[in-house]
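Enquirer: A single structure is presented below for examination.
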Amino acid sequence: MKNQAINATRDRITIRDVAQDAGVSVAAVSKVLRNAYGVSDILRTKVETSIEKLNYRPSVAARAMRGRTQTVGILVIELSNPFLAGVIEEANGTLAESSFKSLIGIGRSTSPIEASMIESMIDNRMDGVLIIAPRISGKVLERYARQIPIVVIAHHEPHAQTYDTVNSDDRRGATLAVEAALRSGYTDIAMLGYDLADSPPTIVAVQREKGYLDGMKAAGLEARILRLPLVGTDRRAAIDDFLVLKDRPRAVFVWSDLDAVPLINAARMSGLRVPEDLAIIGYDNSPMAAIPLVGLTSVDQNAAELGRTAAKTLLGRIDGREEARHLLIDPHVEIRGST
């Protein structure tokens, strides 16, 4: 059965053609396409070789014939990040204008959970998936995007072909943070990031570190990146240790308001004056940053524009667009009392 010739007169290659060429069952091809648990490397190689050989892509028309469900899955890394609420709300509103309902899943920063959620969304015949800050790799996203339209936020992979990305220009935003500190008269500017461990280069923290280094290099200044523990761990002790450093920087750019807000609170609780003793700049311009008692200068990603643009981009995919789009939203710095 393996590698039998396929009838070249057909207008479109089907999943049955892939199964026939690979010498496996249709169910086996489906499992590979869904990245299902338990698929062996040998089976995956067979099927993916046939997919590439035959240039197989699931038919958008076939999905339409089965009927749209008018539902879209939104997969988020967590709900504790206040910045995400603005993204989700705007995306949901934009989808509703086109009579789509959205259902939210939480990935908990864990790749297997994210993969399981996406598979459930596919199995429930949702029309598309909007993913925010995934931990799964771009290669895995490519596989799922062969089965369902996907748009990803907070995932920098501009060369992906089967799915779209919509991001804040995180690298540029970090450079803007350095420039804002320079305009305020600071030259001893460090960055407070976190232990990236085996994080892929697609995550926002990596892009922001690159932007910080760009800004410091352009100003002819020495860069210094200090790191908190891994995401998901208790960072209070590490923040307290930063505040008592003998060589504590005069100003610090924090990779996210998730750590910048606790830092500004800990600094004030310890008796440090902000910005007189320590200037602080965050990233996200989260609702907490704008509270007068916090007054955190922060890079604004424009949550509403991110959500609206991502939803419109996903609707285009659902309507049949195949060419990839990778869009960047321009950030800006909101100046407040912390600088």
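Enquirer: Which of the aspartates and glutamates could a cross-linker span from Lys246 if the Cα-Cα distance has to be under 14 Å and same-chain partners fewer than 8 positions apart are dropped?
Expert: Here the aspartates and glutamates satisfying the reach criterion relative to Lys246 are Asp188, Asp277.
Enquirer: Quick one: net charge around Leu192, please, counting Lys, Arg +1 and Asp, Glu -1 for every other residue with C-beta under 9 Å from its C-beta.
Expert: Overall, the nearby charge balance is 0.
Enquirer: What are the lysines whose alpha-carbon lies under 28 Å from the alpha-carbon of Lys46, with same-chain residues fewer than 8 places away excluded?
Expert: Filter leaves Lys2, Lys31, Lys139.
Enquirer: Another question, if that's okay. How would segment 68-148 be classified by its alpha-carbon gyration tensor: rounded, prolate or oblate, with rounded meaning a/c under 1.5 and the a/b versus b/c comparison settling the rest? Each step should come with its number before you reach the end.
Expert: Working: a/c = 2.00, a/b = 1.10, b/c = 1.83.
Since a/c reaches 1.5 but b/c is at least a/b, the shape of segment 68-148 is classed as oblate.
Enquirer: Right, next: Specify, per residue and in Å³, the volume enclosed by the convex hull of the alpha carbon atoms belonging to segment 15-56.
Expert: Details: hull volume 2.3 nm³, N = 42.
Once divided by residue count, the hull of segment 15-56 is 55 Å³.
Enquirer: Let me ask another. For the chain, build the charge dipole from Cβ charges (+1 Lys, Arg; -1 Asp, Glu) around the Cα centre, then report which of Gly282, Tyr186, Asn302 sits farthest towards its positive end.
Expert: Asn302
Enquirer: Dividing the alpha-carbon Rg of the chain by 2.2 N^0.38 Å yields what? Spell out each step's value before the answer.
Expert: Details: Rg = 23.0 Å, N = 339, 2.2 N^0.38 = 20.1 Å.
With N residues counted in the chain, Rg over 2.2 N^0.38 Å equals 1.14.
Enquirer: May I ask you to derive the relative contact order of the chain, considering only C-alpha pairs under 8 Å and at least 6 residues apart, and to give it as an integer percent?
Expert: 18
Enquirer: Under a point-charge model restricted to the Cβ atoms of Lys and Arg (+1) and Asp and Glu (-1), what is the dipole moment magnitude of the chain relative to its Cα centre, in debye to the nearest 20?
Expert: 1060
Enquirer: Give me the net charge of Leu79's neighbourhood, meaning all other residues with Cβ under 13 Å from the Cβ of Leu79; Lys, Arg count +1, Asp, Glu -1. Please report the intermediate quantities before stating the final value.
Expert: Numbers: positive: Arg108; negative: Glu78, Glu89.
Around Leu79, the surrounding residues sum to -1.
Enquirer: At q = 0.15 Å⁻¹, work out log10 I(q)/I(0) for segment 170-300 with the Debye formula, treating every Cα as an identical point scatterer and leaving solvent out; two decimals please.
Expert: -0.64
Enquirer: A further question follows. Under the rule of at least 5 residues apart or a separate chain, name every residue whose amide H is placed under 5 Å from the amide H of Ser102.
Expert: It is Val72, by chain and number.
None of the figures in this text is laboratory data; all of them are computed from the coordinates on show. Here the structure is a predicted model, which means the values were calculated and not measured. Cβ coordinates were reconstructed from backbone atoms using ideal geometry, including for glycine residues, and neighbour counts include every protein chain displayed.
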